[in-house]
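Step one of this worksheet: look at the structure below.
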Amino acid sequence: MAGSPDLWSRWGEWRKSNADGMKGGEALILELNRIVHTSGIASPVTSKRGLTARLRYLDSKAGREELKAQGVSPRTIRTWMKSKGKVTPTPASQEKIDAAYWHRRRENLIKSGWLARHLDNQGRGRRMEIYPVDQSHVEAKYQRPNISQRTVTVRYIWTDLVNAWAARDQNLVDEIWDDVISDLDSDYAAYAYVASVGIGA
């Protein structure tokens, strides 16, 4: 389905009727971000445990460089690393530590190939739940009927999807979403825009 016309044109400008949703590719990106976050440190950066764990994770050349990229001075980084969580950074600094941690976590999962392997599931793929756009605020005469939640087992796209996500290539992610929904049925264009997607991973 790559290179197909914009799926929005197949449904018309549905947002003018107060439907609520997003492009399927955007929903995929949000779901990948969720999976990355659920695989990381659960404790918030505002807790001593969460702060210490993040600083330990960032105690490397790459981690320190990421902290610098977030605007933290080398002197402050040295202080944090030596304190081993005994010094409590300001709330603004905690946000920088958290952002640096998640950036490094994301990069490491991509580099190691873990995320693509996890989603591919040894070729078995993953179940994906597709939630259609919310039409609750759409006048009845403008609603598109018979659009329900769909469940599909998705295989073979995961390496390409993770690579596109890693490269922040929204156009390629959109094309991959087009491939996913093309397996639904003749009404697949109704799922070009969705409320959200859920991946069983």
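The values are calculated or read from the model by the stated rules, or taken from the named source; none is laboratory data. From a predicted model like this one, the values you see are computed outputs, not experimental measurements. Heads up, the Cβs are rebuilt from the backbone with ideal geometry, glycines too, and the neighbour counts pull from every protein chain shown. Quick note on the areas: whole protein, heavy atoms, side chains included, nothing else; ligands and nucleic acids left out. Shrake-Rupley method; radii C 1.70, N 1.55, O 1.52, S 1.80 Å.
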Checking G71 against (1) modelled with pLDDT under 95; (2) of a type outside the set (A, V, I, L, M); (3) open to solvent by less than 80 Å² (accessible area, probe 1.4 Å); (4) within 30 Å of L55 (Cβ to Cβ), the condition it does not meet: (1)
Matching entry among L119, L161 (being closer than 28 Å to A53 by Cα, touching a helix residue (DSSP H, G or I) at 6+ places or on another chain (Cβ under 8 Å) and hydrophobic (A, V, I, L, M, F, W, C)): L119
Scope the stretch 125-169; condition among the charged types (D, E, K, R) and at pLDDT below 95; matching residues: D134, E139, K141, R144, R150, R155, R168
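Restricting attention to the stretch 170-201, and to residues there that are of a type in the set (F, W, Y) and farther than 15 Å from R126 by Cβ, which single residue is most open to solvent (accessible area, probe 1.4 Å)?
Filtering the stretch 170-201 down to residues of a type in the set (F, W, Y) leaves 177, 188, 191, 193.
Then keep just the ones that are farther than 15 Å from R126 by Cβ; that gives 188, 191, 193.
On the way: Y188: 45, Y191: 5, Y193: 9 Å².
Selected residue: Y188.
Which members of the stretch 41-64 meet the condition of being assigned to a helix (DSSP H, G or I) and either touching a strand residue (DSSP E or B) at 6+ places or on another chain (Cβ under 9 Å) or of a type outside the set (G, A, S) (or both)? Don't jump to the end; show me each part of the working.
First, pick out the residues of the stretch 41-64 that are assigned to a helix (DSSP H, G or I): 48-57, 61-64.
Selection gives K48, R49, L51, T52, R54, L55, R56, Y57, K61, R64.
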Selection within the stretch 28-40 - farther than 26 Å from R78 by Cα and assigned to a loop (DSSP other than H, G, I, E, B): S39
